[in-house]
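The values are calculated or read from the model by the stated rules, or taken from the named source; none is laboratory data. All values derive from a computational prediction rather than experimental measurement. When we count neighbours, we look across all protein chains shown, and the Cβ atoms used for this are built from the backbone with ideal geometry, even at glycine.
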Amino acid sequence: MKIQAVIFDLNGTVLADEKQYGRAFAKILAQFGIEIESDYPHIAGIGVEENWSIFIQKHKIKTDKSIEELAQETQSEYCKQISQVTLKNGFQEFVESIRNSGIQTALATSNYWDVVEKIFKALSIGDYFESVTTGEEVEFKKPNPRIFEIATEKLGADPSECLVIEDSVAGVEAAHLAGMKVIAFARNEKHKATLLKEADLVVNDFTEISVDDIDDL
């Protein structure tokens, strides 16, 4: 089937930044005496506020701060590290190749526009996307499919002819619920084993996929 549009997740997919987000969460958790050893204390793809809802329950955190305040503090810590964030290996070459092939491109991220704007400015990648859909535009985050549905509506594309590139189980589920094919990026072998059950193809980064590969899905 010919793919007409590719919709990219941002954090952990276009960007190699999950460690930066992990450090940001760990910094705020440390305020409550909670020490996190993992590089990935959070659940990727579901949003910062949603992760704080889970942390509060899991660690029985007592605080006068709202989830929104905790999320903002986490985002501020992440933004301090943007200079350390890099693009996922092979992203620029891949996105340029698909755009040269006439395939539309969009970004659909649970993150908020003010953070996305900072990332676009720091890494000069805004022009790679014909549309951008952020967390403010949906009531429910991934695995709810609405963010991908909005992205296709902006492009005027048929969901059955769209491919999503993701790095989270929540994102893969959301894409399939929206009726789209999914390529997933694996962080490690354990993560890969989980994704293999859900995604149409699992790879390490953009160097492992081409225009021909996506048409063969």
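Restricting Lys121, Lys197, Lys142, Lys192 to residues that are among the basic types (Lys, Arg) and in contact (Cβ under 8 Å) with a residue 12 or more places away in the chain narrows the list to Lys142. Scan the stretch 178-193 residue by residue and report those that are more than 17 Å from the chain's Cα centre (by Cα) and either at negative phi or assigned to a helix (DSSP H, G or I) (or both). Hits for the stretch 178-193 are Glu189, Lys190, Ala193.
Scan the stretch 38-85 for residues that are part of a loop (DSSP other than H, G, I, E, B), in contact with a helix residue (DSSP H, G or I) (Cβ under 7 Å, 6 or more places away or on another chain) and within 21 Å of Leu10 (Cβ to Cβ) and jot them down. Within the stretch 38-85, Asp39, Tyr40, Pro41, His42, Ile43, Ala44, Gly45, Ile46, Gly47, Gln81, Val85 qualify.
Does Phe55 count as within 24 Å of Ala186 (Cα to Cα) and in contact (Cβ under 8 Å) with a residue 60 or more places away in the chain? Answer is no for this residue. Considering only the stretch 16-26, I want to know if a residue exists there that is closer than 27 Å to Ser124 by Cβ, in contact with a Gly (Cβ under 7 Å, 6 or more places away or on another chain), in contact (Cβ under 8 Å) with a residue 40 or more places away in the chain and outside any loop (DSSP other than H, G, I, E, B). Yes: the stretch 16-26 contains one or more residues that are closer than 27 Å to Ser124 by Cβ, in contact with a Gly (Cβ under 7 Å, 6 or more places away or on another chain), in contact (Cβ under 8 Å) with a residue 40 or more places away in the chain and outside any loop (DSSP other than H, G, I, E, B).
Number of residues in the stretch 122-148 that are under 21 Å from Val48 (Cα atoms), of a type outside the set (A, V, I, L, M, F, W, C) and in a helix (DSSP H, G or I) equals 4.
Listed here are the residues, each with its yes/no results for (1) within 30 Å of Val203 (Cα to Cα); (2) of a type in the set (Ser, Thr, Tyr).
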position	(1), (2)
Ser38	yes, yes
Ala44	yes, no
Glu50	yes, no
Lys58	no, no
Gln75	yes, no
Cys79	yes, no
Lys88	yes, no
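A search for C-beta distances below 7 Å between a residue of the stretch 95-113 that is touching a residue at least 40 places away in the same chain (Cβ under 8 Å) and any residue that is assigned to a loop (DSSP other than H, G, I, E, B) and among the basic types (Lys, Arg), counting only pairs 6+ apart in sequence or on different chains, returns Ser110/Lys141; Ser110/Lys142.
Before we move on, is Ile43 among the β-branched types (Val, Ile, Thr), surrounded by fewer than 20 Cβ atoms within 10 Å (Cβ to Cβ), out of contact with any Phe, Trp or Tyr (no Cβ under 7 Å at 6 or more places or on another chain) and not assigned by TED's automatic domain parsing to the domain that holds Lys121? When the stated conditions are applied, Ile43 passes them.
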